[in-house]
Amino acid sequence: MQETMGEEDLRKALIALGERLHARTDIVVGGAGALILTGELPRATSDFDVLYSDPDIGRLQEDIRAVADQLDLTPGWLNGSVQTYLDVLPPDYKARLITLPARGKLHIALLHRQDIIVMKLFAGRPRDLTDIVALRPTPQELQFVRSELPRLRRIDQPRAARLESFLDQYHDKP
């Protein structure tokens, strides 16, 4: 079984899913998978993070598992576990969504890079911070993250403080 997916693997899986679906399905994805699909992050990922799905991702599980079986992927290759962090996204994130060409009945929008940077820095896991270093955020992107700090403090003060500390230290690195 294939534990990780690179850009080509993600594309094949999304095409296979789009071909299986019987009705239009809209998804918004973020995380490393979105950055891998846009060619901005040169690594593989273990899953593809769905922030929004219509119909609900739970109703797509049969098709998701069938694609996993067909392409020898892990059953959770496409999942909504990141949906618990939707409140971290800037309120205007939808204005920056990147729409990909439809894959059969599957319509995909990707989070913009700066919104993913906000989410990754807020999460602060080692792999997220490694991704941030690989992405080499621009000064404008880092300023955007700083502008989100007051809102993020209301969500989780300790994480926002850790994010601010990272920004202060990162500023000196690039």
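Kindly list, by first and then second residue, each pair from a residue in the range 55-84 that is in contact (Cβ under 8 Å) with a residue 60 or more places away in the chain and at positive phi to a residue that is surrounded by fewer than 16 Cβ atoms within 10 Å (Cβ to Cβ) and not basic (Lys, Arg), limited to pairs with Cβ atoms under 7 Å and residues at least 6 apart or on different chains.
Partner pairs satisfying both residue conditions: 72/1; 72/2.
Quick one: what pairs do we get from the range 32-51, first residue at positive phi, second in a helix (DSSP H, G or I), C-beta under 9 Å, 6+ apart or different chains?
39/7
Within the range 96-124, work out how many residues are without any contact (Cβ under 8 Å) to a residue 40 or more places away in the chain and surrounded by fewer than 16 Cβ atoms within 10 Å (Cβ to Cβ).
Going through the range 96-124 one residue at a time, the tally reaches 3.
What number of residues in the range 134-143 are of a type outside the set (Gly, Ala, Ser) and touching a residue at least 40 places away in the same chain (Cβ under 8 Å)?
1
From the list 153, 162, 127, exactly one residue is closer than 25 Å to residue 37 by Cβ and surrounded by fewer than 19 Cβ atoms within 10 Å (Cβ to Cβ). Which is it?
Only one candidate qualifies: 127.
What are the pairs with Cβ atoms under 8 angstrom where one residue, in the range 149-163, is farther than 18 Å from residue 90 by Cβ and the other, located anywhere, is at pLDDT below 95 and surrounded by 13 or more Cβ atoms within 10 Å (Cβ to Cβ)? Sequence gap at least six, or different chains.
Partner pairs satisfying both residue conditions: 162/124.
Go over the candidates 146, 127, 113, 151 one by one and state the one that is touching a Pro at 6+ places or on another chain (Cβ under 8 Å) and of a type outside the set (A, V, I, L, M, F, W, C).
Exactly one residue qualifies, and that residue is 151.
If only one of 40, 19, 62 is outside the structural domain of residue 150 (by TED's automatic domain parsing) and outside any helix (DSSP H, G or I), which one is it?
None of the other options fit; the residue is 40.
From the list 91, 137, 101, 75, exactly one residue is outside the structural domain of residue 13 (by TED's automatic domain parsing), over 14 Å from the mean Cα position of the chain (by Cα) and in a loop (DSSP other than H, G, I, E, B). Which is it?
137
The values are calculated or read from the model by the stated rules, or taken from the named source; none is laboratory data. As the structure is a computational prediction, the values presented were derived from the model and not from experiment. Cβ sites come from the backbone with ideal geometry, for glycine too, and all protein chains shown count toward neighbours.
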